[in-house]
1. Got at least one residue in the range 411-424 being modelled with pLDDT under 60, aliphatic (A, V, I, L, M) and within 22 Å of residue 380 (Cβ to Cβ)?
2. Just checking, which of 199, 188, 169 is under 19 Å from the mean Cα position of the chain (by Cα), modelled with pLDDT under 90, β-branched (Val, Ile, Thr) and surrounded by fewer than 16 Cβ atoms within 10 Å (Cβ to Cβ)?
3. So, in the range 47-76, exactly how many residues are outside any loop (DSSP other than H, G, I, E, B) and more than 13 Å from the chain's Cα centre (by Cα)?
4. Take the range 8-55 and flag every residue that is touching a residue at least 60 places away in the same chain (Cβ under 8 Å), within 30 Å of residue 142 (Cβ to Cβ) and either among the acidic types (Asp, Glu) or not assigned by TED's automatic domain parsing to the domain that holds residue 194 (or both).
5. Could you please find all residues in the range 194-247 being of a type outside the set (S, T, N, Q), part of a loop (DSSP other than H, G, I, E, B) and more than 30 Å from residue 359 (Cβ to Cβ)?
6. Looking at the range 93-100, can you tell me whether even one residue there is surrounded by fewer than 24 Cβ atoms within 10 Å (Cβ to Cβ), of a type in the set (A, V, I, L, M, F, W, C) and modelled with pLDDT under 85?
7. Which count do you get for residues in the range 297-341 that are assigned to a loop (DSSP other than H, G, I, E, B), in contact (Cβ under 8 Å) with a residue 12 or more places away in the chain and over 13 Å from the mean Cα position of the chain (by Cα)?
8. Inspect the range 123-138 for any residue being modelled with pLDDT of 90 or more, of a type in the set (D, E, K, R) and farther than 19 Å from residue 79 by Cβ and give the result as yes or no.
Amino acid sequence: MACPALLPFTLTDGQRAVVAEIEADLAREHPMHRLLQGEVGSGKTVVALLAMLQVVDDGAQAVLLAPTEVLAAQHHRGITAMLGALAEGGMLGGAAEGTRVRLLTGSMGAKARKEALLDAASGAAGIVVGTHAVLQESVQLAELGLLVVDEQHRFGVEQRAVLVDRYDTKPHVLVMTATPIPRTIAMTVFGDLEVSTLTELPAGRQPIQTTVVPAAERPAWLDRAWERVREEVGRGRQAYVVVSRIGEGEESSSETRSLAALHDELVAGPLSGLRVGTLHGRMPADEKDAAMSRFAAGEIDVLVATTVVEVGVDVPNATVMVVMDADRFGISQLHQLRGRVGRGSEAGLCLLVTQTDADSPSRERLDAVASTTDGFELSRLDVELRREGDVLGSRQSGVRSSLRLLSVVKDGEVIEEARAAATEVVGDDPDLSSHPDLLAAVHDLEASEQADFLERT
């Protein structure tokens, strides 16, 4: 039905290589389990779309699982726009060889939800894009061939397994992440997961300058930050302002501004006269979609938002982002957030506003983010600071590692060598009949409560 030739741009060499790897995986008899990690904006979603289309061409269906309704809706709009008539199979004006792309979220209206469920169950929808709502038992697919999980660290192991375990024929699984985190590293070195990496950015992606704004020490810098926002808007560009909490009722320090309070403050003060909108996760789905659509259409100059814009949101005209109380966000989260700017023809600017002291650990983290745009370098630093976590269990970070003699960060080469050796042993002796001690250890692991998590990665 589709191929890279249909795309309105040229794939990078890295994208073409990964597409070839996935095509080979999908042609094999056993299910694919592949991790696609890549820099923010490296084009992972396009690679995933080509994989989904290959599955649809083979007569099966694909599900794209997104962590937020905003991102799911954007994926749906982007895919349908890119495919055009090919996304309207069986509809008036649709291509004869096309399929349908359906959106399924928790807050959809009854009519739209019924249509999506019927198309998924009948197979008319070759691609279903959704949030956690796709995991409900009421959602049935005629033949699930591929599960794509975007920003996989937002979903627990059990959640991903809901779809995989629902069908007798196990689907292919492709998980994607822009910033490898402890669980990702654990899956890479311990799970049965092949890894593809995109490091090359598509042509036209602009650099992003990141600056720490120490508001307590230099209040004039914050004033200048708002001036920069006005300057960008004056040039016809747009801006994000990101906050860590929505309303006054949430637990927080008195110094942290809520979205509502900051919005009112900006409208009455430094951003008066500009078109300032808001976006957060508690808004009804239609209001969220309307706000995002208006921002994408250029009808909103400045969008004051929570981290619902962290992943996947793509508005090429947005060139500046101000992150308030940036010390409240993690390294990977900040890197994801700033990836929302610089996506068009103009360079991006990210301003990290903080009240923390210059010599505090929080400021060190912010300085690290400002010092590099290399997501892989930042991910290594993030893991060092947060520790590996319980890599064999359901926890992800901030807890004591279950590794007693190794560090995922420091001993990567040793772990890779061990994995290669294990692969060779199993290849030569699948039943481990010549390795009784190793076989006993495997049985012990299978009997443990952690075995189920390993099976499902």
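1. In the first step, residues of the range 411-424 are kept if they are modelled with pLDDT under 60; the result is none.
Checked against the condition, which is being modelled with pLDDT under 60, aliphatic (A, V, I, L, M) and within 22 Å of residue 380 (Cβ to Cβ), the range 411-424 yields no hits at all.
2. The conditions single out 199.
3. Keep residues of the range 47-76 that are outside any loop (DSSP other than H, G, I, E, B), which gives 47-57, 61-65, 69-76.
Narrowing the set further to residues that are more than 13 Å from the chain's Cα centre (by Cα) leaves 47, 49-57, 61-63, 73, 76.
Going through the range 47-76 one residue at a time, the tally reaches 15.
4. The answer is 21, 25.
5. Selection gives 200, 201, 202, 203, 204, 205, 235, 236, 237, 246, 247.
6. So far as the range 93-100 goes, yes, one or more of its residues are surrounded by fewer than 24 Cβ atoms within 10 Å (Cβ to Cβ), of a type in the set (A, V, I, L, M, F, W, C) and modelled with pLDDT under 85.
7. Taking the range 297-341 and keeping what is assigned to a loop (DSSP other than H, G, I, E, B), we get 297-301, 306, 310-317, 324-325, 329-330, 339-341.
The next check asks that each one be in contact (Cβ under 8 Å) with a residue 12 or more places away in the chain; those that pass are 298-301, 306, 310-317, 324-325, 329-330, 339-341.
With over 13 Å from the mean Cα position of the chain (by Cα) added as a condition, the list becomes 298-301, 306, 315-317, 324-325, 329-330, 341.
Of the residues in that region, 13 qualify.
8. no
The values are calculated or read from the model by the stated rules, or taken from the named source; none is laboratory data. This structure is a prediction, so every number in the text was calculated from the model and none was measured. Using ideal geometry, Cβ is built from the backbone for each residue, glycine included, and neighbour counts are taken over all protein chains shown.
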